[in-house]
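K.L.:
Supplied in structure tokens, the structure appears directly below.
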Amino acid sequence: MDQGSPQIEPLLKQRPKKRFKILLYALIIILILSIVVTAGISGYIGWQLTHPPTRPLETTPAKMQLAYEDIEFKSRGDELKMKGWYIPPKEEDKQMTVIIAHGYKQNRVQADVPALEIADKLVDSGYGVVMFDFRNSGESEGKVTSVGQFEKNDLLGAIDWVKAQSNGQIALLGFSMGATTSILAAAEEPEVGGVLVDSPFSKLRTYLEDNLSVWSDLPKYPFTPFIMAIIPPLTGLSVDEVDALAAVDNVYPRPILFIHGEEDTKIPFSESEKMWKKHPDAFDFWKAPKGDHMKVYQYQKELYLDKMFTFLDNLSSEH
């Protein structure tokens with residue numbers, strides 16, 4: 001017995017080491033599987049966010065007794081066909097066309113505002129209106145939603161269509177994604193006289209880093225960093241190209257009216273405030289006390305319309 005003890009003792013000492021190695025290997029395997037699963041979920045959600053299903057049109061201006069024509073044009077710089085409506089002004093013609101740019105996962109109707117009701121008010125006051133679908137929305141072509149990067153070209157295509165029809169002034173009215181896109185387009189198109197933006201974000205990268213969980217319905221960590229890393233190589237998109245905070249410098253000194261609800265839970269009003277503060281001498285900011293995301297109009301219609309028409313009438317009188 002005494003002779004065997006020297007052989008048993010080393011074996012007993014080795015067992016804890018083996019258990020530690022097994023535990024370490026198990027932890028490594030669990031970590032690798034966790035990364036793979038997280039990456040898989042992030043890739044799937046990222047793909048869904050950039051390829052949302054199109055929302056069909058459920059109404060037309062005719063249901064509001066508005067005369068209109070169907071229009072079609074190409075996104076500036078590529079061959080994608082955009083479809084929309086042109087609604088001519090009633091009686092008085094102020095020689096200005098307002099192009100309405102809708103939000104993410106919406107279409108030209110933007111029923112949750114509702115944009116057609118605002119269009120009715122505009123044409124009744126002498127303004128022509130263009131409403132159209134961004135790529136991968138409504139009746140327009142395209143399979144990817146880039147949240148501003150390529151939608152900017154779609155809006156520039158709408159501006160080209162208006163310029164080809166008349167020599168009148170052009171103003172943009174955008175909601176959420178369409179609001180940020182309107183700033184990006186105006187920065188590149190000097191023919192845009194002014195921009196009204198309802199609930200925009202300032203920089204896509206920083207906005208998503210803080211708020212992507214609102215749209216993904218996943219915890220911020222670890223999913224947001226994974227989605228942000230996977231989306232560009234997976235889709236070919238670049239979130240850094242969507243930078244309205246920088247673009248406002250190229251819109252200035254043309255006016256921008258920022259409209260944002262203090263109760264917005266999807267895009268904080270501070271996103272508008274950042275851009276307004278860069279050029280408060282030319283920009284105006286209405287921080288409305290009531291209304292969640294793009295809901296200010298529903299809560300304060302008269303004041304909303306008053307601010308909108310004051311902005312447009314001032315724009316018209318300056319030219």
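K.L.:
Under the Kirkwood approximation applied to all pairs of distinct alpha-carbon atoms, what is the hydrodynamic radius of segment 135-270 in Å?
P.N.:
Working: mean 1/r = 0.0632 Å⁻¹.
It is 15.8 Å.
K.L.:
Another question, if that's okay. I'd like the antiparallel share, as a percent to the nearest 5, of DSSP beta bridges with both residues in segment 198-319. Please list the in-between numbers first.
P.N.:
Values: 1 of 8 bridges.
Close to 10 percent.
K.L.:
OK, next. How far is the Cα center of segment 24-49 from the Cα center of segment 217-292, in Å?
P.N.:
What the calculation gives is 30 Å, centre to centre.
K.L.:
Now, a different point. Please arrange 135, 19 by accessible surface area, largest first, computed with a 1.4 Å probe and ligands excluded.
P.N.:
Numbers: 135 20, 19 150 Å².
The ranking, largest first, comes out as 19, 135.
K.L.:
In addition: Considering amide H positions built from the backbone, and no H for Pro or chain starts, which residues 5 or more places from residue 101, or on another chain, come under 5 Å of its amide H?
P.N.:
Hits under the 5 Å cutoff: 173, 174, 175.
K.L.:
Here is a follow-up. To the nearest 500 deg cm²/dmol, what mean residue ellipticity at 222 nm is calculated for the chain from DSSP H runs of n ≥ 4 alone, each contributing -39,500 (n - 2.57), summed and divided by the residues? Could you put the intermediate results ahead of the total?
P.N.:
Working: 10 runs with 148 residues, N = 319.
Taken over the chain, the calculation gives -15000 deg cm²/dmol.
K.L.:
Rounded to the nearest 20 debye, what is the charge dipole size of segment 73-154 about its Cα centre when +1 sits on each Lys and Arg Cβ and -1 on each Asp and Glu Cβ? Numbers along the way, then the final one.
P.N.:
Values: 12 positive and 14 negative charges, 66 e Å.
Computed about the Cα centre, the dipole is about 320 debye.
K.L.:
Let me ask something additional. Give the percent of DSSP beta bridges with both residues in the chain that are antiparallel, rounded to the nearest 5.
P.N.:
On the way: 11 of 37 bridges.
The answer is about 30 percent antiparallel.
K.L.:
Applying a 10 Å radius around every beta-carbon, put 159-165, 33-39, 225-231, 109-115 in order of their mean neighbour count, most first. Before the final figure, lay out the partial values.
P.N.:
Values: 159-165: 16.6, 33-39: 12.1, 225-231: 18.7, 109-115: 20.6.
Ranking, from highest mean packing down: 109-115, 225-231, 159-165, 33-39.
K.L.:
When Rg is the radius of gyration of the Cα atoms in segment 132-173 and Rh is its Kirkwood radius, what does Rg/Rh come to?
P.N.:
Numbers: Rg = 11.4 Å, Rh = 11.2 Å.
Reported Rg/Rh (Cα atoms, Kirkwood Rh): 1.02.
K.L.:
Please name whichever of 26, 227, 64 sits farthest to the positive end of the charge dipole of the chain, dipole taken about the Cα centre and charges placed at Cβ: Lys and Arg +1, Asp and Glu -1.
P.N.:
Projecting each Cα onto the dipole axis, the largest value belongs to 26.
K.L.:
Among 181, 199, 212, whose Cα lies farthest out toward the positive end of the dipole of the chain, if unit charges sit on the beta carbon of Lys, Arg (+1) and Asp, Glu (-1)?
P.N.:
In the chain, that residue is 212.
K.L.:
Given the convex hull over the Cα atoms of segment 36-134, what projected area results after averaging over all orientations, in nm²?
P.N.:
On the way: hull surface 32.7 nm².
Its Cα hull, projected and averaged over all orientations, spans 8.2 nm².
K.L.:
On average over all directions, what projected area in square nanometres does segment 212-301 have, based on the convex hull of its Cα atoms? Display every interim value, and only then the final one.
P.N.:
On the way: hull surface 29.5 nm².
Its average projected convex-hull area is 7.4 nm².
K.L.:
Scanning the chain for helices, which whole DSSP H stretches are 24 Å or more long along the axis (Cα) and average 0.5 or more by Kyte-Doolittle? Mind showing how you got there, number by number?
P.N.:
Values: long enough: 5-50 (68 Å, 0.73).
Helices meeting the span and hydropathy rule in the chain are 5-50.
K.L.:
Next question, about the same structure. Given +1 on the Cβ of Lys and Arg, -1 on the Cβ of Asp and Glu, and no further charges, what dipole in debye does segment 270-319 carry about its Cα centre, rounded to the nearest 20? Mind dumping the intermediate values first?
P.N.:
Details: 8 positive and 9 negative charges, 54 e Å.
Roughly 260 debye for segment 270-319.
K.L.:
Would you mind checking 83/163; 220/278; 63/301; 287/307 for any pair whose Cα atoms are more than 19 angstrom apart?
P.N.:
Details: 83/163 16 Å; 220/278 30 Å; 63/301 21 Å; 287/307 12 Å.
From 83/163; 220/278; 63/301; 287/307, over 19 Å: 220/278; 63/301.
K.L.:
To continue, here is another question. Taking N as the number of residues in segment 116-196, what value does Rg over Cα atoms divided by 2.2 N^0.38 Å take? Each step should come with its number before you reach the end.
P.N.:
Working: Rg = 12.5 Å, N = 81, 2.2 N^0.38 = 11.7 Å.
Computed over Cα atoms of segment 116-196, the ratio equals 1.07.
K.L.:
Antiparallel DSSP bridges in segment 84-169: what percent, to the nearest 5?
P.N.:
Values: 4 of 9 bridges.
Of those bridges, close to 45 percent are antiparallel.
K.L.:
Here is a follow-up. On the full set of protein chains, 1.4 Å probe, figure out the accessible area of residue 252 and give it in Å² to the nearest 10.
P.N.:
80 Å²
K.L.:
With point charges of +1 on the Cβ of Lys and Arg and -1 on the Cβ of Asp and Glu, referenced to the Cα centre of the chain, which listed residue (291, 73, 165) lies farthest in the positive direction of the dipole?
P.N.:
Result: 291, furthest along the dipole toward the positive end.
K.L.:
For segment 141-208, report the accessible area per residue in Å² (1.4 Å probe, heavy atoms, rounded to an integer). Mind dumping the intermediate values first?
P.N.:
Working: 1820 Å² over 68 residues.
For segment 141-208, the per-residue accessible area is 27 Å².
K.L.:
In 5 Å bins starting at zero, report the fraction of Cα pairs in segment 93-147 per bin as a rounded %.
P.N.:
5, 21, 26, 20, 14, 10, 4, 1
K.L.:
Please report, in Å, the Rg and the Dmax of the chain, where both are computed over Cα atoms only.
P.N.:
For the chain, the Cα-based Rg and Dmax read 26.2, 114 Å.
K.L.:
In debye, nearest 20: dipole of the chain around its Cα centre with unit charges on the Cβ of K, R (+) and D, E (-)?
P.N.:
Numbers: 34 positive and 44 negative charges, 390 e Å.
Charge dipole, the chain, about its Cα centre: 1880 debye, nearest 20.
The values are calculated or read from the model by the stated rules, or taken from the named source; none is laboratory data. No experiment lies behind these values; they were computed from the predicted model shown. Here Cβ is always computed from backbone atoms with ideal geometry, including for glycine, and neighbour counts include all displayed protein chains. In case anyone asks, the SASA skips ligands and DNA or RNA and just uses the protein heavy atoms, side chains included. Shrake-Rupley method; radii C 1.70, N 1.55, O 1.52, S 1.80 Å.
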